[in-house]
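Before any comments, here is the structure.
The values are calculated or read from the model by the stated rules, or taken from the named source; none is laboratory data. All values reported here derive from a predicted model rather than from experimental measurement. Every residue, glycine as well, gets a Cβ built from its backbone with ideal geometry; the counts of neighbours run over all protein chains shown.
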Amino acid sequence: MIRIFYLTCASLLLGLNLQTANAADIKPCVGNSEYYEALEPCTNLIENHDNGSDKLSQSELIWVINSRGRAWHWHGEYDNLSKDIDRTLSIDPNNVSTLYNRYLLRDENEEWELSLSDITKVTEGNYGDMADNLYERAQTYNALDRYEEAIVDLDKALKINSNDPYIYYTRSVAHLELENYELGISDLTKFIAAYPEDDDAYYDRAYAYRDIDEYEKMMVDAK
């Protein structure tokens, strides 16, 4: 159960002001939260910069390339995403928006230790939405079987945003792996309240009920 979100480049590059004469033309790229729609306007901006017809400042160029990186990820174009990451890191090796893109790529490649390093830098840099950062890192901890650390992050995330059902679901995974069945069931119940049509959550809770010998409840969820 994975919720995909994207930290917006606007939130990651707080305080960046568009200085070019074509600021309005940049908005369809960097101001578009629907990243699948940003590919063409971002590519046009990059090509115009590269051919010299409309130069961007360094910070604007990184912003635009990273926005296109989100679009590449959305479209599953991971080779192109990798190329854009390499380009922006050659300009600014510590750009946190780029590090987030690299986290996305490494996560897709199941390079968990490397993806953990990147999302930790994003999280510790206090960029973007902290609850989402912690949620993302917790999913990586789960993938590494580091369930206690996942729970720590998810507890913190819920203190920031207690209304996100996916945080509860991800915490249920960690609790159940640690055989904290009652806590796992409680988190799954919160998720099911938000998504009552999600069959996977019912099956997960059914198995948890089985493990604590609650067979009648197991049968209800397993139907």
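Looking at (1) closer than 23 Å to residue 123 by Cβ; (2) among the hydrophobic types (A, V, I, L, M, F, W, C); (3) crowded, with 21+ Cβ neighbours inside 10 Å, which one does residue 144 not meet, given that it meets all the others?
(3)
Before we move on, is residue 138 within 30 Å of residue 96 (Cβ to Cβ), crowded, with 20+ Cβ neighbours inside 10 Å and at pLDDT 95 or above?
On the way: within 30 Å of residue 96 (Cβ to Cβ): yes; crowded, with 20+ Cβ neighbours inside 10 Å: yes; at pLDDT 95 or above: yes.
Yes, satisfied.
Name the residues in segment 97-116 that are closer than 13 Å to residue 136 by Cβ and among the polar types (S, T, N, Q), would you?
Passing the criteria: 101, 115.
What about residue 34, is it of a type in the set (D, E, K, R), farther than 24 Å from residue 131 by Cβ and modelled with pLDDT of 50 or more? Write out each step before concluding.
Numbers: of a type in the set (D, E, K, R): yes; farther than 24 Å from residue 131 by Cβ: no; modelled with pLDDT of 50 or more: yes.
When the stated conditions are applied, residue 34 does not pass them.
Give the residues of segment 183-206 that are surrounded by fewer than 18 Cβ atoms within 10 Å (Cβ to Cβ) and either more than 28 Å from the chain's Cα centre (by Cα) or among the β-branched types (Val, Ile, Thr) (or both), sorted by residue number.
If the condition is that a residue be surrounded by fewer than 18 Cβ atoms within 10 Å (Cβ to Cβ) and either more than 28 Å from the chain's Cα centre (by Cα) or among the β-branched types (Val, Ile, Thr) (or both), then 189 is the only one that fits.
Within segment 85-120, work out how many residues are under 18 Å from residue 66 (Cβ atoms), without any contact (Cβ under 8 Å) to a residue 40 or more places away in the chain and either in the same structural domain as residue 167 (by TED's automatic domain parsing) or among the aromatic types (Phe, Trp, Tyr) (or both).
So the answer is 1.
Report yes if residue 123 is among the polar types (S, T, N, Q) and either free of Cβ contacts under 8 Å to residues at least 24 places away in the same chain or in the same structural domain as residue 89 (by TED's automatic domain parsing) (or both), otherwise no.
On the way: among the polar types (S, T, N, Q): yes; either free of Cβ contacts under 8 Å to residues at least 24 places away in the same chain or in the same structural domain as residue 89 (by TED's automatic domain parsing) (or both): yes.
Taking the combined requirement at face value, the residue satisfies it.
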